[in-house]
Amino acid sequence: MDSCLLQDSPATAAARYVRFGPFHIDQQRQQVFRNGTQLHLQGKAYQVLIVLLQKQGEVVTREELRHALWPAGTHVNYDANTNTTVNKLRQALGESTNKLPYIETIPRRGYSFAGTAEFSDIPFPATKPEDSLALDTIDPDLSHQTRARNTSSRSKLPATIAVTLILGMLLGATAATYWISHFASQ
């Protein structure tokens, strides 16, 4: 395999394929895949990802992102748009507080790609997801279905408890009525 790790190499900018973690990117088609499933990552979020990958381990300043994303003379709120774009990218990559992030915020300076990316001119071999990976990493749709079932089960729990309590009270009232009527007549 003719791949190399990015370290300011001109081959990285020209390489068609990029791989990091469960993600594969085809730069020519501008497509991003997670475990073989295509993500809908387009426009500025895709551009930010590519800029960060090409300078992995380095700080990409907000100014560098501004120049990469908007042509000179464009009148937009760069700070707000940059924040929104980076947040969309983080969402697409599935970053959350319980996972190690790929995009590290460098306070008052910019962002850095915190993973290790490989670049190649030929496609990377398909890999099977590890059984030990989280469900949402393997198949986000399956994970969503599982969460929906769990949520559905959890929403039925209070109703089940309420019905059990009411049946218990009715049974107790019936037993008390029988007890009182049986011993009251004696």
Restricting attention to region 55-69, and to residues there that are among the charged types (D, E, K, R) and in a loop (DSSP other than H, G, I, E, B), which single residue is nearest to VAL32 (Cα to Cα)? LYS55
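Is it the case that some residue within region 40-54 is farther than 26 Å from ALA15 by Cβ and within 17 Å of the chain's Cα centre (by Cα)?
First, pick out the residues of region 40-54 that are farther than 26 Å from ALA15 by Cβ: none.
Taking every residue of region 40-54 in turn, none turns out to be farther than 26 Å from ALA15 by Cβ and within 17 Å of the chain's Cα centre (by Cα).
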Which listed residue is in a loop (DSSP other than H, G, I, E, B) and closer than 22 Å to GLU104 by Cα, from LEU41, LEU52: LEU41
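Within region 70-95, count every residue that is among the charged types (D, E, K, R), surrounded by 13 or more Cβ atoms within 10 Å (Cβ to Cβ) and in a helix (DSSP H, G or I).
Within region 70-95, the first condition is being among the charged types (D, E, K, R), and the residues that meet it are 79, 88, 90, 95.
Next, from what is left, pick out any that are surrounded by 13 or more Cβ atoms within 10 Å (Cβ to Cβ): 88, 90, 95.
Subset that is in a helix (DSSP H, G or I): 88, 90.
Matching residues across region 70-95 total 2.
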Here is a list of conditions, (1) open to solvent by 30 Å² or more (accessible area, probe 1.4 Å); (2) over 17 Å from GLY43 (Cα atoms), and GLY115 meets all of them except one; can you say which number that is? (1)
Please determine whether any residue of region 8-28 is part of a strand (DSSP E or B), surrounded by fewer than 17 Cβ atoms within 10 Å (Cβ to Cβ) and either at pLDDT 90 or above or in contact with an Asp or Glu (Cβ under 6 Å, 6 or more places away or on another chain) (or both). yes
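The values are calculated or read from the model by the stated rules, or taken from the named source; none is laboratory data. Remember, it's a predicted structure, so these values are computed and weren't measured experimentally. Because the Cβ atoms are built from the backbone with ideal geometry, glycine has one as well, and the counts that use them run over all protein chains shown. With ligands, DNA and RNA removed, areas are computed over all heavy atoms of the protein, side chains included. Shrake-Rupley method; radii C 1.70, N 1.55, O 1.52, S 1.80 Å.
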